[in-house]
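Encoded as structure tokens, the structure appears first; notes follow it.
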Amino acid sequence: MARERDDRRDEDEEDDRPRRRPRPDDDEENEDRRPTMPVQTTNPGSTRAAGIIWVIMGSLVLLVTALNLTLGAGTGAGGAEMLCSAALPVLIGAVFLMVGIQTLNGSAKGTLGNGIGSIIFGVLIGGLGVILFLGGAFFAGGGGGPGAPPAVQQLGEAAGVIIMVVAVVYLLTGAMLLVAGILAIKGKTDYLRWRKYLRDQKVHPRSRDWYQDDEEDDRPRRRRPRPDDDE
């Protein structure tokens, strides 16, 4: 019983002790104690590699499309149909080129969406390459069939080899896009830290106001005036 009375007395004494009032700088001290994220002062290697791959892919697509249009115009073939067929490759090449440049100079707001899109394109192009390779191997192995004339068989074998070469190009393109997408997704966090560093330093090779789009989301919202404010 005596021990219980002593414990209650100690508790009462603790309750009677003066409490320190919170100071305005307590929040600042707590913020200083919070773990800080490391500063990323350069473009991460993974996103830089992804941007380079996208720039190369976009440039190659535009170059090949321009060569096809030039050869078609030189032979007198094409016209409106060739221009329409070249519209999609030009669009895809321009998109990859623009995305790659934005990733390299830090103007892209993120790399997650671009990485997912690159993986989707890589799977589609790689799947088409697999189909072409199998079809080319079929023609290259059997030609036009065992009962076909030798000339037809030779033509089928030659066409099969050409199709297989084209299929290898598609497979390599799909693999590069897959790698670029994986690298972009892997380095998305470091890329955002680098972009934040650029925003804090207000550094960008193209415009001085590029960082204001991100700062608008962080600004405190102004409270709407209430009827009793004048009172």
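The values are calculated or read from the model by the stated rules, or taken from the named source; none is laboratory data. Given the structure is predicted, the values throughout are model-derived calculations rather than measurements. Cβ coordinates were reconstructed from backbone atoms using ideal geometry, including for glycine residues, and neighbour counts include every protein chain displayed.
Could you say whether any residue in segment 148-157 is outside any helix (DSSP H, G or I) and either buried (at least 17 other Cβ atoms within 10 Å of the Cβ) or modelled with pLDDT of 75 or more (or both)?
Initial filter on segment 148-157 (outside any helix (DSSP H, G or I)): 148-149.
Those left that are additionally either buried (at least 17 other Cβ atoms within 10 Å of the Cβ) or modelled with pLDDT of 75 or more (or both): none.
No, there is no match, as no residue in segment 148-157 is outside any helix (DSSP H, G or I) and either buried (at least 17 other Cβ atoms within 10 Å of the Cβ) or modelled with pLDDT of 75 or more (or both).
When the residues of segment 164-192 are narrowed to those that are of a type in the set (S, T, Y) and surrounded by fewer than 21 Cβ atoms within 10 Å (Cβ to Cβ), which ends up nearest to T103 (Cα to Cα)? Reasoning before the result, please.
Pass one, segment 164-192, residues of a type in the set (S, T, Y): 170, 173, 189, 191.
Restricting the remaining residues to those that are surrounded by fewer than 21 Cβ atoms within 10 Å (Cβ to Cβ) gives 170, 173, 189.
Working: Y170: 24, T173: 19, T189: 13 Å.
Per the stated criteria, the residue is T189.
Could you check G78 against (1) small (G, A, S); (2) modelled with pLDDT of 60 or more; (3) surrounded by 11 or more Cβ atoms within 10 Å (Cβ to Cβ) and say which number it fails?
Every condition holds for G78 apart from (2).
Restricting the search to segment 104-123, which residues are within 8 Å of the chain's Cα centre (by Cα) and either in a helix (DSSP H, G or I) or over 18 Å from D190 (Cα atoms) (or both)?
Filtering segment 104-123 for residues within 8 Å of the chain's Cα centre (by Cα) gives 110-118.
L112, G113, N114, G115, I116, G117, S118 - these are the residues of segment 104-123 that are within 8 Å of the chain's Cα centre (by Cα) and either in a helix (DSSP H, G or I) or over 18 Å from D190 (Cα atoms) (or both).
Pairs please, first residue from segment 157-186 and over 18 Å from S46 (Cα atoms), second anywhere and of a type outside the set (S, T, Y) and not in a helix (DSSP H, G or I), Cβ atoms under 8 Å, 6+ apart in sequence or on different chains.
Pairs that qualify, where the first residue is over 18 Å from S46 (Cα atoms) and the partner is of a type outside the set (S, T, Y) and not in a helix (DSSP H, G or I), are E157/G143; G160/G143.
State whether one or more residues within segment 193-210 are within 20 Å of R48 (Cβ to Cβ), outside any helix (DSSP H, G or I), at pLDDT below 90 and touching a Leu at 6+ places or on another chain (Cβ under 9 Å).
Yes, some residue in segment 193-210 is within 20 Å of R48 (Cβ to Cβ), outside any helix (DSSP H, G or I), at pLDDT below 90 and touching a Leu at 6+ places or on another chain (Cβ under 9 Å).
Among V39, V55, V64, V90, which is the only one that is surrounded by 10 or more Cβ atoms within 10 Å (Cβ to Cβ), modelled with pLDDT of 60 or more and not in a helix (DSSP H, G or I)?
Numbers: V55 fails: not in a helix (DSSP H, G or I); V64 fails: not in a helix (DSSP H, G or I); V90 fails: not in a helix (DSSP H, G or I).
Going through V39, V55, V64, V90 in turn, the sole match is V39.
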